[in-house]
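Notes for the one structure printed next.
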Amino acid sequence: MTNQYYFDHAASAPRRDEVADAMAPWQHGVVGNPSGSHRAAREARRAVEEARDEIAHFVGAKPGGVIFTAGGTESCHLAVTGVANHHRRHHVTTSIVLSRVEHTAIIDAVEMMVRDHPSVTARYVEVDGDGVLDLESLKSALNADTAVVSVMTANNETGVLQPLDGVSSMVKDSELVAALTHTDAVAAAPWLDLAEVTASIDMISICAHKIGGPVSSGALILRSDVLLDAVVPGGGQERGRRGGTVDVAAAVGLATAVRLIASERREVSARVTNYQQKLLSAFAQLPGCAITAPGANRLPGTVHVTFEGLASDELLFLLDQAGVCAAAASSCSSGAAVASHVLAAMDMAPQRARGSLRFSMGAETNDGDVEALMVILSSVVERLRGES
């Protein structure tokens, strides 16, 4: 049986045993509705509120600002469309500002708003060749009708970090706007101290399954009394900002995952940074291989490369046969072979982007995984070069 070497943590990290254990009591038998008043409901509510406290601490916010969602996509959607909808009900025109390298969860939500509401426009901010936001481009995109500015903490494909302090300062210093800021911190959560890195940002999105928690669990965290319309109205749950009964197990799972990440971050980051440098050095020796965004600060767990003259799908097929789980970083989750809008925004030549690969690591990655990957990828590239 072929060994498995998992290098796709950025898509979904392995669920931690501690998370599964913490969720177990809330996944069978009587699980009270946190909105109720009897004993079972009070126990459920206590578990949810303790989870809320944990998540608030993780990003340095107040518990009242934590809104539980069904994942990162819903969290991003609520932040952008919730604020924009509230804004457009009180203004003649509304603009949403976002970078060209945002996750499709943001881009699709914004394009939906533009399509459905003639008074809403999208303004895209350019990035440089490394995928780093151009602050001058941001400055020109801001206007008196800007409702929200969304810039991710780190890119989910390349791992490149964005200048959030610069974004926040420019928005707040502008005399033309009173816009709110949002950051998709899903990719950054395993690696960065979000309480520090996102301290100047009004809204932060995270999700559980990228940090060893359950799928369909996330949160939008507000640092202040942000005015937004609920995307899903209901029975007044989450202070009227997101209707529906809170999934107790999902909330507990997310809280357990962030607690583990916070306690291990320093050790894991140091170890994985060494792995990253080792992989980058080895991959740079492979024929036709180029390191993506070599001049930018990147997350420790992401190694993104491209291969001239080769295609992602053929590389991934042979890697999979050898037991390596990786990604082309050219689509979100559907598996569709679509061009990467991130690499296009970085002005990467299509023939180069066609051979992109993303290897992403986590707490479970070990020396043996890294050694195996270097040997296997070298063999795969040699085989394909020989065939071509």
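The values are calculated or read from the model by the stated rules, or taken from the named source; none is laboratory data. Because the structure is a prediction, the values reported are computed rather than measured. Ideal geometry is used to build each Cβ from the backbone, glycine not excepted, and the neighbour counts take in all protein chains shown.
Details
- Scope the range 190-224; condition part of a loop (DSSP other than H, G, I, E, B), in contact with a helix residue (DSSP H, G or I) (Cβ under 7 Å, 6 or more places away or on another chain) and either at positive phi or not charged (D, E, K, R) (or both); matching residues: Pro190, Trp191, Thr198, Ser200, Ile201, Ala208, Ile211, Gly212, Gly213, Pro214, Ser216, Ser217
- For the range 244-261, taking the residues that are out of contact with any Phe, Trp or Tyr (no Cβ under 6 Å at 6 or more places or on another chain) and over 17 Å from Ala41 (Cα atoms), the one that is surrounded by the fewest Cβ atoms within 10 Å (Cβ to Cβ) is identified as Arg259.
- Of the residues making up the range 323-352, those that are surrounded by 17 or more Cβ atoms within 10 Å (Cβ to Cβ), modelled with pLDDT of 95 or more and either touching a strand residue (DSSP E or B) at 6+ places or on another chain (Cβ under 7 Å) or under 28 Å from Val258 (Cα atoms) (or both) are Val324, Ala326, Ala327, Val342, Leu343, Ala345, Met346.
- Residues in the range 191-237 that are over 21 Å from the mean Cα position of the chain (by Cα), among the aliphatic types (A, V, I, L, M) and surrounded by fewer than 24 Cβ atoms within 10 Å (Cβ to Cβ) were compared, and the one that is nearest to Glu54 (Cα to Cα) is Val226.
- Hits in the range 242-260 - residues which are outside any loop (DSSP other than H, G, I, E, B) and among the aliphatic types (A, V, I, L, M): Val248, Ala249, Ala250, Ala251, Val252, Leu254, Ala255, Ala257, Val258, Leu260
- Selection over the range 1-37 of residues that are within 30 Å of Leu279 (Cα to Cα), exposed (fewer than 14 other Cβ atoms within 10 Å of the Cβ) and charged (D, E, K, R) gives a count of 1.
- Every pair of residues 6+ apart whose Cβ atoms lie under 6 Å, when the first sits in the range 127-141 and is buried (at least 16 other Cβ atoms within 10 Å of the Cβ) while the second is of a type in the set (Ser, Thr, Tyr) and part of a loop (DSSP other than H, G, I, E, B): Gly131/Thr158
- The conditions of being crowded, with 19+ Cβ neighbours inside 10 Å, of a type in the set (Val, Ile, Thr), more than 24 Å from Ala255 (Cα to Cα) and free of Cβ contacts under 8 Å to residues at least 60 places away in the same chain are met by Val171.
- Wholly within the range 40-151, helices (runs of 4 or more DSSP H) carrying at least 2 residues that are in contact with a Cys (Cβ under 7 Å, 6 or more places away or on another chain), closer than 24 Å to Ala199 by Cα and among the aliphatic types (A, V, I, L, M): 104-116
- With respect to (1) at pLDDT 95 or above; (2) assigned to a helix (DSSP H, G or I), the lone exception for Lys172 is condition (1).
- In the range 267-289, the residues that are more than 18 Å from Trp191 (Cα to Cα) reach residues that are surrounded by 20 or more Cβ atoms within 10 Å (Cβ to Cβ) and of a type in the set (S, T, N, Q) with C-beta atoms within less than 8 angstrom, at least six apart or across chains, in these pairs: Cys289/Thr306.
- Filtered residue count, the range 363-383, keeping only those that are within 26 Å of Arg15 (Cα to Cα), among the acidic types (Asp, Glu) and outside any loop (DSSP other than H, G, I, E, B): 3
- So Val59, is it β-branched (Val, Ile, Thr), crowded, with 17+ Cβ neighbours inside 10 Å, under 16 Å from Thr146 (Cβ atoms) and under 17 Å from the mean Cα position of the chain (by Cα): no
- Some residue of the range 297-314 being in a helix (DSSP H, G or I) and touching a strand residue (DSSP E or B) at 6+ places or on another chain (Cβ under 7 Å): yes
- Check on Glu157, of a type outside the set (Val, Ile, Thr), outside any strand (DSSP E or B) and under 17 Å from Ile107 (Cβ atoms): yes
- Positions within the range 176-190 being surrounded by 19 or more Cβ atoms within 10 Å (Cβ to Cβ) and either of a type in the set (A, V, I, L, M) or within 16 Å of Leu161 (Cα to Cα) (or both), in sequence order: Val177, Ala179, Leu180, His182, Thr183, Asp184, Ala185, Val186, Ala187, Ala188, Ala189, Pro190
- Arg239 passes every criterion in (1) more than 30 Å from Leu373 (Cβ to Cβ); (2) at pLDDT 95 or above; (3) part of a helix (DSSP H, G or I) apart from (2).
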